[in-house]
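Undergrad: So that we are looking at the same thing, I have put the structure below in C-alpha cells.
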Amino acid sequence: MQNNREKRKNLFVSNFNDFNIKKVINANKKELMPDAIDELNWKITQISIGEIIKVVYFEKGKYILLSGIVNYIDLEYRKEIQISKKKIPVKNIISLDSLL
C-alpha cells in the first residue's frame, strides 16, 4: 500500500503528463564550444525520470524549446530523452535546465 506522500507524488505527476511549452525558431545549427559540451553532458547525466526540465534542441533546421516532464532516459543504447511524448536524441540537445 502506498503512503500519503507517494500518492500525492503520483497524483502530481499524472496531472502534468502532458505539460509542455513549445517554441520554434528557424536557424542554422551552431556548434557548441568544448566547455559548453562538457557542462551539457554533466546536466544530462543529472536529470531523472519525473523531473520537469526545459530543453532546447535542433531538429529539421529549427531550434525548438520544449518544457515538460522527463518520461524516459536512455543514455547508453538509444541515447535519447523523452519529454512528455517527444523523444529527443541527446546529440541534438543544445541546452537543458531543471525547472524545479
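Undergrad: If I filter the stretch 47-89 down to residues being of a type in the set (Ser, Thr, Tyr) and not in a loop (DSSP other than H, G, I, E, B), which single residue comes out as farthest from Leu32 (Cα to Cα)?
TA: Top of the filtered list is Tyr72.
Undergrad: May I pose another question? Name the pairs: first residue in the stretch 33-54 and free of Cβ contacts under 8 Å to residues at least 24 places away in the same chain, second residue assigned to a helix (DSSP H, G or I) and exposed (fewer than 11 other Cβ atoms within 10 Å of the Cβ), Cβ to Cβ under 9 Å, at least 6 apart or on different chains?
TA: Cβ pairs passing all conditions: none.
Undergrad: How many residues does the stretch 52-86 hold that are surrounded by 15 or more Cβ atoms within 10 Å (Cβ to Cβ) and over 12 Å from the mean Cα position of the chain (by Cα)?
TA: Final tally of qualifying residues: 2.
Undergrad: Name the residue that is surrounded by the fewest Cβ atoms within 10 Å (Cβ to Cβ), counting only residues in the stretch 90-100 that are touching a residue at least 40 places away in the same chain (Cβ under 8 Å) and not in a loop (DSSP other than H, G, I, E, B).
TA: Asp97
Undergrad: If you check Ser98, Ser67, which single one turns out to be at pLDDT 90 or above and of a type in the set (Gly, Ala, Ser)?
TA: Sole residue among the options that is at pLDDT 90 or above and of a type in the set (Gly, Ala, Ser): Ser67.
The values are calculated or read from the model by the stated rules, or taken from the named source; none is laboratory data. Predicted, not measured: the structure shown is a model, and the values here were computed from it. Please note: Cβ atoms are built from the backbone with ideal geometry, for glycine as well, and neighbour counts cover all protein chains shown.
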